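Comments concern the structure below.
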Amino acid sequence: MKKTQTKAFSNLVASLILLAFEAWAYFQTLGFKIVKKAAVQPATFPQIMCIGMMIFTVILLIQSILKLKKADPDDPMMEASASINIIKNKGVQAAAFVIVLCIAYAALFEVLGYVLVSTLIAAVIMWLIGKRDVKQIVLVSILVPLLMWFVFYKLLTVNIPMGVLTPLKNLVDMI
Amino acid sequence: MNWGLLFESYGAVFFDVQVLLMTLLGAAGGVLLGAIPGMTATMGVALLIPFSFGMDLIPSIGLLLGIYCGGMYGGSISAILIHAPGTPAAAATLLDGYPMCQKGQAGRALSIAMFSSFCGGIIGALVMTFLSPLIADVAMEFTSAEMLMLAVFGLSVIVAISGQSIAKGLISAFFGMLLCTIGMDPTYSAKRYTFGVKPLYSGLAFIPVLIGLFAVAEIIAGVERTINGEEKQESSNEKINEVLPDLKTILQIWPQIISGGLIGTFIGAIPGAGGDIAVFVSYGFNKSFSKYPEKWGTGIPQGVASTESANNGCSGGAMIPLLSLGVPGDAVTAIILGAFIMKGIQPGPTMYRDQLDTVYCVFAALMLANLAMLIVGCAGVRFFAKIVSIEKKILYPIILVISLLGAFSINKNVFDVGVCVVFGIIGWLMNKFEFPLSPVLLALILGPMCEQNFVRFMDLNGGNFGAIVGHPIAIGFLVVAVGTVLFSIYNQGKINKREAAAKKAAKANEQ
């Protein structure tokens, strides 16, 4: 196994990303309002959290470097890292696609309405993960969002955007 | 103890149709989700908490406690039938439950699991009823110094048990605390990490973050596993003939039920420690005191009883620090704490002074939740046994659309759907890089408590943190917190070494 495929390497990458994030988060605190005569500034607590994170991230980084140094590529005991290779790993590609779908879902939630956007995302995900029974896909992806909308709207009195299906809501209100 | 008010509260809870209905629904939902391998009680509560919006406090707490207790029992169904624990707290149940199933005693094992879960839950609820007021009495004297260190102690324990890497657990905890600082500073109203985004001024809403981390992240990971062919489709065709154990079996297992219930309760009461630890402690304890330890693991009723009473005992135990100190005992009680806060109630010692009726109603609701679990379990055990075979390809999209709707309904705000998706991605990445999620959740709850008490303490002492020396209880909490982390580092080192040796031996055997 290559060193770059080990858990130690993925920890090293994660520590570097985290350190960059923590430095950014700490830098942001420098712009927080300063209150005169306050024993604890609004920036103090987030700064302590950033420093705490940094200390343990550095520990993780050092642990990873030491493990990588000791690592023998022929050692069968080396722990493999989980793949995040979007080019080679089909599962990661599918996960990334679901993430894109979720982002699109959030963006279209108000425009298309909960029922329509949920029907679409449910049907696409079912198809994506290998469900090929069209009848089941159609039934589940339409009935579940409709039922959920009904429960939340009528029983829990939560007003959920219906977007282009607003006439359906009006119809239910009339009944 | 105000007995009159206690009985009055029991009456109010047990004879309120809405509370009864919600608790039964919660128990059914909990057993249903718990029975599906991979769906934890935490995820169940996260998924179903939006259904409690708009309800009064007690029906919504009844619903959540029903899910909690039901989920704890539900995990045993798949552990017994298909050798896959539905929840981590059912991991030890399969040791004897599955061999019983292989011997053709699936129904007997399930009935023992249900009865033991019920008894364990009742033991936990009773201990909670009598112990938590005593702790609250002591906690009434706590100042900001003690409360600050109590929060630190709570975090230290959850971090200590959060997996192979203590460093990762601590990073997760600090990350969760940092998330709490988003929005307006509670003391001076200074904007922090808001970037001009108005919905962020009030901070991150707890429920969308929770749903994102525990439900959406799991869906993304589930899709990935399915595509990579790593998701097994489980199925079971076992016939279930028994609903409750017979008297002879009950007489055989009662010592394990009582000791398991007590062990579960006391382990559950330690902030951070939960059912997954309690079941193994109870199993080990009962096995070592058994007259025939060699039979344990071959499919004996005592094995199932000791673990199932322990994991349901935890539900009462975990409520003790929640109600008496305002510190959640585990991830589920952290969510229940969030539900309390949502309804404008802050659990803690002052609750025993100012809202004793609410406290007693919660006691009664937990008792009712255990009863509801028994009723639902008896009525639907044959149906729940079929649930383990549900197709994940249908389940994942259903959970996703319910989750995202739940995230929206907390504030009726699309921004929260976005927050939920973002935390779904963060949760998925954290899982990939093996950063534990529970410390983030606990930190989200304990963070504001920590900061407010820190600011108050520093203000009162002119910015001198050294003044904490004058608070022996606070120092005690701090010492225990540091000791817990140090002990965990030592203990984890030993576990890692043992696991490495076991892997090496397994590899050598293969060759």
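The values are calculated or read from the model by the stated rules, or taken from the named source; none is laboratory data. It should be emphasised that the depicted structure is a prediction, and the values quoted were computed from it without experimental measurement. Counting neighbours? That spans all protein chains shown, and the Cβs are built from the backbone with ideal geometry, glycine included. For accessibility, only protein heavy atoms count, side chains too; no ligands or nucleic acids. Shrake-Rupley method; radii C 1.70, N 1.55, O 1.52, S 1.80 Å.
For the pair region B:468-501 / region A:91-132, the C-alpha centres are spaced 44 Å from each other. In the context of the full set of protein chains, residues of chain A present 55 Å² of accessible surface per residue (probe radius 1.4 Å, heavy atoms only). With every protein chain in place and a 1.4 angstrom probe, the accessible-area ranking of B:V197, A:V111, largest first, reads A:V111, B:V197. Pairs of lysine residues in region A:3-70 that meet both criteria, 8 or more places apart or on different chains and Cα atoms under 25 Å apart, total 6.
Counting only Cβ charges, +1 for Lys and Arg and -1 for Asp and Glu, the dipole size of the protein assembly as shown around its Cα centre is about 1520 debye.
Considering only protein heavy atoms and a probe of 1.4 Å, how much of the accessible area of region A:3-70 is carbon and sulfur, as a whole percent? Answer for region A:3-70 is 72 percent, counting heavy atoms of protein chains only.
Note down the net charge around B:I336, summing +1 for each Lys or Arg and -1 for each Asp or Glu among other residues with Cβ under 13 Å from its Cβ. Net local charge, B:I336 excluded: 0. Provide a list, ordered by number, of residues in region B:431-470 showing at least 50 Å² less accessible area with every protein chain present than when their chain is taken on its own, using a 1.4 Å probe. With the partner chains in place, region B:431-470 has these residues losing at least 50 Å²: B:K432, B:F433, B:F454. Only helical runs count toward this figure. For chain B, summing -39,500 (n - 2.57) over DSSP H runs of n ≥ 4 and dividing by all residues gives -24500 deg cm²/dmol at 222 nm.
Once you reduce region A:11-40 and region B:4-29 to the center of their Cα atoms, the two points are 47 Å from each other. Rounded to the nearest 20, the Cβ-based charge dipole of chain B about its Cα centre (Lys and Arg +1, Asp and Glu -1) stands at 1120 debye. Whole-Hz Karplus values for region B:66-72 come out as x, 5, 4, 5, x, x, 4 Hz, taken residue by residue from phi with 6.51 cos²θ - 1.76 cosθ + 1.60 and θ = phi - 60°; glycine and proline positions read x. Only the Cβ atoms of Lys and Arg (+1) and of Asp and Glu (-1) were treated as charged; on that basis the dipole of region B:71-195 about its Cα centre amounts to roughly 480 debye. Please give me the summed charge of the neighbours of B:S202: other residues whose Cβ is under 15 Å from its Cβ, Lys and Arg +1, Asp and Glu -1. Around B:S202, the surrounding residues sum to +2. Per-residue HN-Hα couplings for region B:136-150, Karplus 6.51 cos²θ - 1.76 cosθ + 1.60 at θ = phi - 60°, whole Hz, x for Gly and Pro? Values, residue by residue: 4, 4, 5, 5, 4, 7, 5, 9, 4, 5, 5, 5, 4, 6, 5 Hz.
Counting Cβ atoms of other protein chains within 10 Å of each Cβ in A:92-101 and taking the mean gives 6. Report the paramagnetic label zone for B:L5: residues of region B:114-134 whose backbone N is under 16 Å from a point 7 Å from Cα along the Cα-to-Cβ axis. Residues passing the 16 Å test: B:129-134. Take every pair of alpha-carbon atoms less than 8 Å apart whose residues are at least six positions apart; their mean separation over the length of region B:354-483 yields a relative contact order of 7 percent. Over all pairs of different C-alpha atoms, the protein assembly as shown has a mean inverse distance whose reciprocal, the Kirkwood radius, equals 26.0 Å.
Taking the longest Cα principal axis of chain B as reference, the axis of helix B:392-409 is set at about 30 degrees. Taking 29 Å as the limit for the C-alpha separation, the pairs A:K90/A:K135; A:K88/A:K131; A:K90/B:K504; B:K386/B:K494; B:K386/B:K504; B:K432/B:K503 exceed it in the case of A:K90/B:K504; B:K386/B:K494; B:K386/B:K504.
Between chain A and chain B, the total buried accessible area stands at approximately 6000 Å², from heavy atoms with a 1.4 Å probe.
Placing unit charges on the Cβ atoms of the charged side chains and taking the dipole of chain B about its Cα centre, the candidate lying farthest along the positive direction among B:T226, B:I263, B:I341 is B:T226. Once both axes come from the Cα atoms, what is the angle between helix B:331-342 and the longest principal axis of chain B, in degrees from 0 to 90, rounded to 10? It works out to around 50 degrees. Cα centroids of region B:48-70 and region B:406-464: how far apart, whole angstrom? So the two Cα centres are separated by 21 Å. Using every pair of separate Cα atoms, the Kirkwood estimate puts the hydrodynamic radius of region A:37-175 at 20.2 angstrom. Taking every residue in A:123-132 and counting other chain Cβ atoms within 10 Å of its Cβ, the average works out to 5. Within the full protein context, the accessible area of B:Y490 is estimated at about 140 Å² for a probe radius of 1.4 Å. The shape of region A:1-104 can be summarised by an equivalent ellipsoid whose semi-axes, obtained from the alpha carbon gyration tensor, come to 36, 22, 8 Å from longest to shortest.
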